[in-house]
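The values are calculated or read from the model by the stated rules, or taken from the named source; none is laboratory data. Note that this is a predicted model, so its numbers are computed, not measured. Positions of Cβ are generated from backbone atoms using ideal geometry, with glycine treated the same way; all protein chains shown enter the neighbour counts. Areas reflect the complete protein model, heavy atoms only, side chains present, ligands, DNA and RNA absent. Shrake-Rupley method; radii C 1.70, N 1.55, O 1.52, S 1.80 Å.
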Amino acid sequence: MKIIYGPKGTGKTKAIIDGAAKALETAKGHVVFITNTNRYAYDLNYQIRFINTEDFDIQGMEGFRGFLKGIVAANGDNEYIFIDGIARITDKPLNELENIFNAMETLEKEKGVKFVLTVSAAKEDLPEFVLKHAE
């Protein structure tokens, strides 16, 4: 798992879009990009599976955790999952998302999928369960 962090307006979304494009160059499986807006849909290569969570009526943190598990279960060829704005998508503060991070760690270990996420926070404000993945 990789975390792209920083205060709002520091280029995290551009970095994650660039990361998805780079992953597509070497991925043997599928690349998925998840966010809660269509704003960046046309900034991504057409081969990247774009998912707007607003299209799926996901309810909170547990709903999003189940949604991620469903994406992995539905297609074993998903190799990278990029998530832009996990706190915004779940409508929860970052420090309340430990269950989702634990689920993603488990999916990485058991299913071989790799997660890359953006979080809007300074490094000193990251909870320990996030900080261990921050570069």
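How many residues does region 105-135 hold that are among the acidic types (Asp, Glu) and assigned to a loop (DSSP other than H, G, I, E, B)? Explain how you work it out, then say what you get.
Filtering region 105-135 for residues among the acidic types (Asp, Glu) gives 105, 108, 110, 124-125, 128, 135.
In the following step, the residues that additionally are assigned to a loop (DSSP other than H, G, I, E, B) were identified as 135.
Residues flagged as among the acidic types (Asp, Glu) and assigned to a loop (DSSP other than H, G, I, E, B) within region 105-135 amount to 1.
Considering region 29-75 alone, what residues qualify as being of a type in the set (Gly, Ala, Ser) and over 11 Å from THR90 (Cα atoms)? Reasoning before the result, please.
Just the residues of region 29-75 that are of a type in the set (Gly, Ala, Ser), to begin with: 29, 41, 60, 63, 66, 70, 73-74.
If the condition is that a residue be of a type in the set (Gly, Ala, Ser) and over 11 Å from THR90 (Cα atoms), then GLY29, ALA41, GLY66, GLY70, ALA73, ALA74 are the ones that fit.
If a residue has to be in a helix (DSSP H, G or I), of a type in the set (Ser, Thr, Tyr) and crowded, with 16+ Cβ neighbours inside 10 Å to count, how many in region 1-56 make the cut? Lay out the reasoning, then the answer.
Kept after step one, since they are in a helix (DSSP H, G or I), are these residues of region 1-56: 12-26, 41-43, 53-56.
Applying the additional criterion that residues be of a type in the set (Ser, Thr, Tyr) yields 13, 26, 42, 53.
Still in the running and crowded, with 16+ Cβ neighbours inside 10 Å: 13, 53.
Qualifying residue count, region 1-56: 2.
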## Note on the structure
Here the qualifying pairs (Cβ atoms under 6 Å; residues six or more apart or on different chains; first in region 114-132 and surrounded by 21 or more Cβ atoms within 10 Å (Cβ to Cβ); second among the acidic types (Asp, Glu)) come out as THR118/ASP84
### Task
Among what's in region 59-106 and is in contact with a His (Cβ under 7 Å, 6 or more places away or on another chain) and at pLDDT 90 or above, pick the residue that is most open to solvent (accessible area, probe 1.4 Å).
ASP77
### Message
Testing ILE71 on (1) β-branched (Val, Ile, Thr); (2) in a helix (DSSP H, G or I); (3) free of Cβ contacts under 8 Å to residues at least 24 places away in the same chain, one condition comes back false. Which one is that?
### Response
(3)
